[in-house]
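Here the structure comes first, spelled out in C-alpha cells, and everything after it is commentary.
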Amino acid sequence: MATSSLNYFHFHLYLTLIISIYFTTITSTHAAFSEQSYITLPSDSEKVTHLRFYYHDIRNENNPTVVQIVDAPKNTPNGFGCVLVMDDALTEEPDWSSKQVGRAQGIFAQASLQDLGLAMLTNFVFTEGKYAGSTISMLGRNAISEKIREMPIVGGTGVFRFARGFAIGFSVHSVSTPQHYVVGYNVTISHP
Ligand SMILES: *[C@@H]1O[C@H](CO)[C@@H](O)[C@H](O)[C@H]1NC(C)=O
C-alpha cells in the first residue's frame, strides 16, 4: 500500500513535470497555429519517383468495381455517412484499352457535413515491371467537387518501402460516363 502510493506520488510528480515542460514549450512559442523551421531529409540516399496512372470506377449491375456498403442515414446533408469499397483497374492512359498497371483497392466515406469531402484510404497495388507486387498507400481528404485534389501518400511496400509524398487526382471528363468514371493520378514520392 505504502509503496504503491509512493509510486503514485512519483508518477504524479513526473506527470506534472512533463505537463509543465509541455506548456512552457507551447507558450514560449506563442502557441501559434503555424510555424516553420527546417529539417534535413536524407536526400542523398533517396530518390523521387513520379507515377501517372488512371483509375476506373465502374458502377454497373454485373461487374461493378465500386460498391456502396453503407447507405447514408436519412436527413444527413451531402450523403454524409455513406461508405464505399473499390477495387478499380489502373491503366497507363485514360483509355480503358490501354495497358493495365495495377489496382486501386480501398474504402472511402462521405465524411464532410459542409460539402463533398471523402475520407479516403486507398492502396495502389502495382503489377507492372519493377513495381510489380509493390504498393503505396494514400490516406487523406478527397474534396471531390474540386477540379484538382491532393492527398498524402503515407507509406509503401516493396520498392516503395519508406515512401512518402503526395498524389494529385483529377477527373478525366472527356472519357467518363456516370457508369464508368475515370480519375487520373499524378503521384510524387520520395523513397530509398
Ligand atoms: C499530371 O502530370 C502531367 C505530366 O507531368 C502534367 O502534364 C499534368 O499537368 C499533371 N496534371 C495535374 C492535374 O497536375
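The values are calculated or read from the model by the stated rules, or taken from the named source; none is laboratory data. Computed from a predicted model, the values in this text were never measured in an experiment. Note: ideal-geometry Cβ built from the backbone for every residue, glycine included; neighbour counts use all protein chains shown. Areas reflect the complete protein model, heavy atoms only, side chains present, ligands, DNA and RNA absent. Shrake-Rupley method; radii C 1.70, N 1.55, O 1.52, S 1.80 Å.
Mind giving me the FRET efficiency for residue 61 and residue 186? R0 is 25 Å, r the Cβ-Cβ distance, nearest 0.05 is fine. Rounded to the nearest 0.05, the efficiency is 0.20.
Of the whole protein surface, residue 99 contributes about 100 Å² of accessible area at a 1.4 Å probe radius.
Under 24 Å of direct C-alpha separation, and excluding same-chain neighbours fewer than eight residues apart, residue 99 reaches these lysines: 130.
Considering only the other residues whose Cβ falls under 12 Å of the Cβ of residue 104, what net charge follows from Lys and Arg at +1 and Asp and Glu at -1? Spell out each step's value before the answer.
Working: positive: 103; negative: 57, 87, 88.
Once positives and negatives cancel, what remains is -2.
Loop-located chymotrypsin sites (Phe, Trp or Tyr not before Pro) in the range 121-192 (DSSP state other than H, G, I, E, B) with a sparse environment of at most 16 neighbouring Cβ atoms within 10 Å: 162.
At full extension, residue 139 and residue 71 could sit 22.3 nm farther apart than now, given 0.36 nm per residue minus the alpha carbon distance.
Give a quick list of GluC sites (Glu not before Pro) in the range 95-192 that DSSP marks as loop, anything other than H, G, I, E or B, with at most 10 other Cβ atoms within 10 Å.
Sparse-neighbourhood loop GluC sites (Glu not before Pro): none present.
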